[in-house]
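The values are calculated or read from the model by the stated rules, or taken from the named source; none is laboratory data. Just so it is clear, the structure is predicted and the values come from calculations on it, not from any experiment. Note that each Cβ is placed from the backbone with ideal geometry, even for glycine, and that neighbours are counted across all protein chains shown.
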Amino acid sequence: MSTVTAYAAPSPTEPLTKNTITRREVGPHDVAFDIHFSGICHSDIHTVRDEWGRATYPLVPGHEIAGVVTQVGAEVTKFRVGDRVGVGCFVDSCRECAQCRAGEEQYCAKGMIGTYNAVGRDGEPTQGGYSGAIVVDENYVLRIPDGLRLDAAAPLLCAGITLYSPLRHWNAGPGTRVAIVGLGGLGHMGVKLAHAMGAHVTVLSQSLKKMEDGLRLGADEYYATSDPETFTKLRGSFDLILNTVSANLDLAGYLGLLKLDGTLVELGMPENPMSVPAGALIFGRRRIAGSLIGGIAETQEMLDFCAQHGVLPEIEVIKPDYINEAYERVLASDVRYRFVIDTESLRA
Ligand code: NAP
Ligand code: ZN
Ligand code: ZN
């Protein structure tokens, strides 16, 4: 066992503070790596504040982790000391169910083992990336391509794959019209990825404040959802709407923006349920769907795609003592567009 410094939430209502956690011995199939950067995902905040109702404390969040390998177990074949690697939202799964065998471990029948706020195979609580180092089974570790900086690669491990997977699943590309709702961490990756895939991209944001950014990131059009005109003007426009908003929305209005047979994919996970009138689906044979991150193979594919197409998140690198302030700024939609913690001081 080793001891590492981490930032942990002691309870749903207290700020995160510096703490010490342990990491397991490096087993035969394990990779140990120094964490260099860890992104702040809105899911970290939902979890820390116990909005999803299953948090255990102390809780070290962080599932957008990038670093450099320091040790590998005797049986490890995929990684060597010095490799640049990443870990996303899960660190294990049953490996036997149909989904695991199909490379969709995030939908494991027995439940994926989350990078934090879960219980690992060793029976110990898992703790995430706001820390100096981590030990993970090699099958759940990603390789970060040479062309990607570690700080910018970190958010790809959740925000990147969460948008890449539904864009691929619903065949976004030339000739398709995609709308991204919410220009935050997830949303801005959606704009970049959908644009790189050749789709026509529209941002639906609360206001026009970030319009210049949105167009620079690759959007073809940009509208404010606070303007009721938006919903009449864009009626029946989109093949695919990806909703990344972390709060409840009036989904019926957004469903009306879909073409016949269009799909609205729910990616945001607000605390409370949202209601949908049946008519919003029936007229136009519209669909509402959900999508959860992506499997290991698809995450690797996404990293390689981003390296090849130069798709990188826009980040603001912070020191760990700024985490609590960063949380407030994320909650105020004041993030451009992902906070990434430089964990150097946690490694010392
Ligand atoms: P974020 O950076 O805070 O972005 C969310 C965006 O939603 C904000 O930037 C804002 O965009 C918009 N928004 C916020 N409050 C709103 C409100 N009251 N009304 C309308 N729009 C609002 O968060 P994130 O890290 O991208 O995560 C977004 C959501 O996805 C969270 O719920 C998170 O838990 C979830 N998530 C899901 C998955 C998955 O696998 N499905 C993976 C990761 C995260 P504008 O300022 O442009 O309006
Ligand atoms: Zn996340
Ligand atoms: Zn499984």
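Identify the residue in segment 107-162 that is in a loop (DSSP other than H, G, I, E, B) and among the β-branched types (Val, Ile, Thr) and, among all such residues, is surrounded by the most Cβ atoms within 10 Å (Cβ to Cβ).
Once the filter is applied, the top-ranked residue is Thr115.
Failed condition for Ala289, given (1) among the hydrophobic types (A, V, I, L, M, F, W, C); (2) surrounded by 15 or more Cβ atoms within 10 Å (Cβ to Cβ); (3) out of contact with any Lys or Arg (no Cβ under 7 Å at 6 or more places or on another chain), with all others met?
(2)
Scan segment 79-104 for residues that are under 16 Å from the mean Cα position of the chain (by Cα) and within 18 Å of Ile65 (Cα to Cα) and report the count.
Qualifying residue count for the region: 6.
Rundown of residues vs (1) more than 30 Å from Ala199 (Cα to Cα); (2) in contact with a helix residue (DSSP H, G or I) (Cβ under 9 Å, 6 or more places away or on another chain), yes/no style:
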{"position": "Gln106", "(1), (2)": "no, yes"}
{"position": "Met112", "(1), (2)": "yes, yes"}
{"position": "Val119", "(1), (2)": "yes, no"}
{"position": "Ser131", "(1), (2)": "yes, yes"}
{"position": "Val136", "(1), (2)": "yes, no"}
{"position": "Gly147", "(1), (2)": "no, yes"}
{"position": "Cys158", "(1), (2)": "no, yes"}
{"position": "Ser165", "(1), (2)": "no, yes"}
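Checking the condition within 16 Å of ligand 1 (Cβ to nearest atom), surrounded by 14 or more Cβ atoms within 10 Å (Cβ to Cβ), touching a residue at least 40 places away in the same chain (Cβ under 8 Å) and under 30 Å from Thr47 (Cβ atoms), which residue from Leu257, Leu240, Leu251 passes?
Testing whether each residue is within 16 Å of ligand 1 (Cβ to nearest atom), surrounded by 14 or more Cβ atoms within 10 Å (Cβ to Cβ), touching a residue at least 40 places away in the same chain (Cβ under 8 Å) and under 30 Å from Thr47 (Cβ atoms) leaves just Leu240.
Applying the selection to segment 163-188, what residues are assigned to a loop (DSSP other than H, G, I, E, B) and either at pLDDT below 95 or away from ligand 2 (no atom under 16 Å from the Cβ) (or both)?
Within segment 163-188, Trp170, Asn171, Ala172, Gly173, Pro174, Gly175, Thr176, Leu183 meet the criteria.
In segment 324-337, how many residues are closer than 19 Å to Leu208 by Cα and within 16 Å of ligand 2 (Cβ to nearest atom)?
Number satisfying all stated conditions: 4.
Among Gln99, Gln106, which is the only one that is out of contact with any Leu (no Cβ under 7 Å at 6 or more places or on another chain), at pLDDT 95 or above and either of a type in the set (S, T, N, Q) or within 8 Å of ligand 3 (Cβ to nearest atom) (or both)?
Answer to the selection: Gln99.
What are the residue pairs meeting all of these: first residue in segment 89-117, first residue over 26 Å from Leu59 (Cα atoms), second residue away from ligand 1 (no atom under 13 Å from the Cβ) and part of a helix (DSSP H, G or I), Cβ atoms under 6 Å, and 6 or more apart or on different chains?
Between residues of segment 89-117 that are over 26 Å from Leu59 (Cα atoms) and residues that are away from ligand 1 (no atom under 13 Å from the Cβ) and part of a helix (DSSP H, G or I), the close pairs are Gly103/Ala297.
Have a look at Ile315, Ile341, Ile282, Ile296 and point out the one that is over 25 Å from Glu51 (Cα atoms), touching a Pro at 6+ places or on another chain (Cβ under 8 Å) and of a type outside the set (Asp, Glu).
None of the other options fit; the residue is Ile315.
Output the helices (runs of 4 or more DSSP H) that fall wholly within segment 231-348 and possess 2 or more residues being under 20 Å from the mean Cα position of the chain (by Cα), or say none.
296-309, 323-331
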